[in-house]
Structures are given as structure tokens and as C-alpha cells.
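The values are calculated or read from the model by the stated rules, or taken from the named source; none is laboratory data. Small disclaimer: the values here were computed from a predicted structure and weren't measured. Surface accessibility is based on the protein's heavy atoms, side chains included, excluding ligands, DNA and RNA. Shrake-Rupley method; radii C 1.70, N 1.55, O 1.52, S 1.80 Å.
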Amino acid sequence: SRFETCWPALMKDSHGVIIIFNPELPSHLKEIEMWYSCFVQQQPLLDSQCLLVAHHKPGSAGDMENLSLAYPLNKLKLIHSNLEEDPEDVRMEFIKYFRTIITILNESREREEMSIIS
């Protein structure tokens, strides 16, 4: 990708990664493995700091239930977004995800503070 030179700057101090993809494009399913490898595993971030969003275009009769991703992507939280039908569900999932990130940040800050004290 022609933007790869920018990636280190994008990754610096990031606390979470949201990968949005079109589940109907086989090329996207290959690409998300690369994004996960570069942006999550190499940082390294926890799997809980990554959210996969399978975005279904309006009117696409995408099979939402039967999207099976291979390891290691199948360990990640996966949500389906279809803004025509259920924008509220997607919003709630994003809020849950952000809460997870905040919890992880607070825990790591507490660990740092304890290590400074001791």
C-alpha cells in the first residue's frame, strides 16, 4: 500500500484499532489479516483492543450469521453493521468497545503508578 510509510505515525501511542471491511469482498477478508498483523500484533495490542466491523451495504442480502473468519481473526470481537436496519445496535457495540479500551488504559496506568511507588 502506498500509505505504508505513514503507518508508524498512525500507530504511535494508539490504544485501539477498529477494522471495518466489506464481508462480501473476498479481497477484504485477506486484507484484514494484514491489517490485524500490522496494527495489532506488531504493536503489540491485546485482541480486546481490536474491533472488527463487517459493514453491509444497504440492500445487500449479505449472510450476517455465517461469516466465519479464520484464526487469529476469529478471536476478535466482530460486529455486523447495517445502518439501514440497526444503527442503535452498532452504537451500543461501539460504546462497549470504548469502555473496554478505557478499562485497559486505567489498569495499565495503575500498574505503572504501583511500579513507581514500589
**Q.** Convex hull per residue volume in Å³, alpha carbons only, for the chain
**A.** 121 Å³
Q: Could you order 109, 99 so the one with the most accessible surface comes first? Probe is 1.4 Å.
A: 99, 109
Q: Please report the relative contact order for the stretch 4-117, taking Cα pairs under 8 Å with a sequence separation of at least 6, and give it as a percent rounded to a whole number.
A: 25 percent
Q) When the accessible area of the stretch 4-117 is computed with all protein chains present and a 1.4 Å probe, what percentage of it is carbon and sulfur? A) 57 percent
Q. How much solvent-accessible surface does residue 116 expose, in Å² to the nearest 10, with a 1.4 Å probe and all protein chains in place?
A. 140 Å²
Q) So what is the 222 nm mean residue ellipticity for the chain from helices alone, if each DSSP H run of at least 4 adds -39500 (n - 2.57) and you divide by all residues, rounding to the nearest 500 deg cm²/dmol? A) -13000 deg cm²/dmol
**Q.** Residues of type lysines that residue 57 reaches as a straight line, Cα spacing below 28 Å, ignoring anything fewer than 8 places off in the same chain
**A.** 30, 75, 77, 96
Q: Report the accessible area of residue 35, computed with a 1.4 Å probe over the heavy atoms of all protein chains in place, in Å² rounded to the nearest 10.
A: 80 Å²
